[in-house]
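First up is the structure itself, then whatever we jot down about it.
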Amino acid sequence: MKAETNSVVSFHYSLTDEAGEPIENSHEREPMSILLGAGNIIPGLESAMTGREAGDRFDVTVTPEQAYGERRDGFTQRVPKKYFELAQRLKPGMTTLLKTQDGSQRMVVVMKIGQSVIDVDLNHPMAGKTLNFAVEILDVRVASEEEIAHGHAHAEGGHQH
Ligand SMILES: [Zn+2]
């Protein structure tokens, strides 16, 4: 079947930046499985998956607008250390997760570490980057009602989160 909204798509990918430098890939781990149309992955990759089927391989270039957005200058914040797990291990340039007031988490880049506060860049580490994906579709199937209700794919053998 061809991938469409509410399909579960399993795939491997390699991600490189504009210069062809590798950023990450899924080949050393389990394939990624997503519920198409639920925003599990960046919009540019989601639209490139639509209409594909198992065995398809393709390359897609995704602009920042279709990925993690443009970088915003001065999008920084001074945050008390207590909001970081493992604050004592952080160094400038490192990427870490920061808990936000609504209880979710966001990726930030550490800029400067003070006595009791840490300055962070709130831009997503991949903001402003054009991303090149090489994708191999492994499987496309119809999502279960439970998966659609949850807004994500479940592993084989049921609910595992
Ligand atoms: Zn679930």
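The values are calculated or read from the model by the stated rules, or taken from the named source; none is laboratory data. This one's a predicted model, so the numbers in the text were calculated from it and none came from an experiment. Note that we place each Cβ from the backbone using ideal geometry, even for glycine, and neighbour counts take in every protein chain shown. SASA here: full protein model, heavy atoms, side chains in, ligands and nucleic acids out. Shrake-Rupley method; radii C 1.70, N 1.55, O 1.52, S 1.80 Å.
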>> From the list L86, L131, exactly one residue is hydrophobic (A, V, I, L, M, F, W, C) and not assigned by TED's automatic domain parsing to the domain that holds I23. Which is it?
In response: L86
> Which ranges mark the strands (runs of 3 or more DSSP E) fully within the range 1-54 that have 2 or more residues being more than 14 Å from the chain's Cα centre (by Cα) and more than 20 Å from A67 (Cα to Cα)?
Replying inline: 7-16
> Can you tell me which residues in the range 57-74 are open to solvent by less than 60 Å² (accessible area, probe 1.4 Å) and either modelled with pLDDT under 95 or in contact with a helix residue (DSSP H, G or I) (Cβ under 9 Å, 6 or more places away or on another chain) (or both)?
Replying inline: F58, V60, V62, T63, A67, G69
> So which residues in the range 78-94 are more than 21 Å from D17 (Cβ to Cβ), open to solvent by 60 Å² or more (accessible area, probe 1.4 Å) and assigned to a loop (DSSP other than H, G, I, E, B), if there are any at all?
Replying inline: E85, L86, K91, P92
> Looking only at the range 47-103, which residues are over 11 Å from V120 (Cβ atoms), in contact (Cβ under 8 Å) with a residue 12 or more places away in the chain and β-branched (V, I, T)?
Replying inline: T50, V60, T61, V62, T63
> Which pairs do you get when a residue that is at positive phi, found in the range 145-157, comes within reach of a residue that is open to solvent by less than 80 Å² (accessible area, probe 1.4 Å), reach meaning Cβ atoms under 6 angstrom, with the pair 6+ apart or on two chains?
Replying inline: G151/A38
